[in-house]
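All remarks here apply to the structure that follows.
The values are calculated or read from the model by the stated rules, or taken from the named source; none is laboratory data. These numbers were taken from a predicted model, which means no experiment stands behind them. Cβ coordinates were reconstructed from backbone atoms using ideal geometry, including for glycine residues, and neighbour counts include every protein chain displayed.
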């Protein structure tokens, strides 16, 4: 019985890898594989060639701890054609089979290799198109005079600074003006002009708290 490794990746923390994992476990069962390990990169971009769980998975591959790698789709493993092919070449060199469930790709045959090149190239093209669309949208918004990025705080900045310098704690100032503690810190730093918080620290508040 072949030993299978399952690799999953989601790009943001609020996404859940369980959907990929559930399908891959079933896929492995249907193929008659024994699951030797599961590797999950949670909140990591596919553009990064170095990822904690991907690196761990490749280390285990070099130690021959599994015989086949299962992924939900090729873009979970890599978003660039170069990185994907390099990874698959290394796996092939170690005698490890690569299977992608969504694209039904199996690298045991030459056809699977050719399909991987096509699919990965299309995935990379799709990512480039999305980036260009975002950039075009930002340019259009800027020309139309719309706000890009964080909006300015609708608050009396001088009053925030005066309250902080009067000895009020970060929490007290933040609650009074309905802003975050980080915003209080940022406004005070700008007012000081040197990146430090030269303010009176109320009793019971440490210097570390004043900088948070």
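When residue 76 is tested against the conditions (1) crowded, with 17+ Cβ neighbours inside 10 Å; (2) farther than 16 Å from residue 49 by Cα; (3) modelled with pLDDT of 85 or more, the lone failure is (2).
Conditions (1) loosely packed, with under 14 Cβ neighbours inside 10 Å; (2) modelled with pLDDT of 85 or more; (3) within 28 Å of the chain's Cα centre (by Cα), marked per residue:
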| residue | (1), (2), (3) |
| --- | --- |
| 148 | yes, no, yes |
| 151 | yes, no, yes |
| 154 | yes, no, no |
| 159 | yes, yes, no |
| 163 | no, yes, no |
| 168 | no, yes, no |
| 172 | no, yes, no |
| 177 | no, yes, no |
| 184 | no, yes, no |
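Just one of the numbered conditions (1) in contact (Cβ under 8 Å) with a residue 12 or more places away in the chain; (2) over 24 Å from residue 118 (Cβ atoms); (3) part of a helix (DSSP H, G or I) is not true of residue 59: (1).
In region 90-124, what residues are at pLDDT 75 or above, surrounded by 11 or more Cβ atoms within 10 Å (Cβ to Cβ) and not in a loop (DSSP other than H, G, I, E, B)? Listed by number, the residues that qualify are 90, 91, 92, 97, 98, 99, 100, 105, 106.
To keep it simple, each residue is scored yes or no on (1) farther than 21 Å from residue 84 by Cβ; (2) part of a strand (DSSP E or B).
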| residue | (1), (2) |
| --- | --- |
| 1 | yes, no |
| 23 | no, no |
| 36 | yes, yes |
| 48 | no, no |
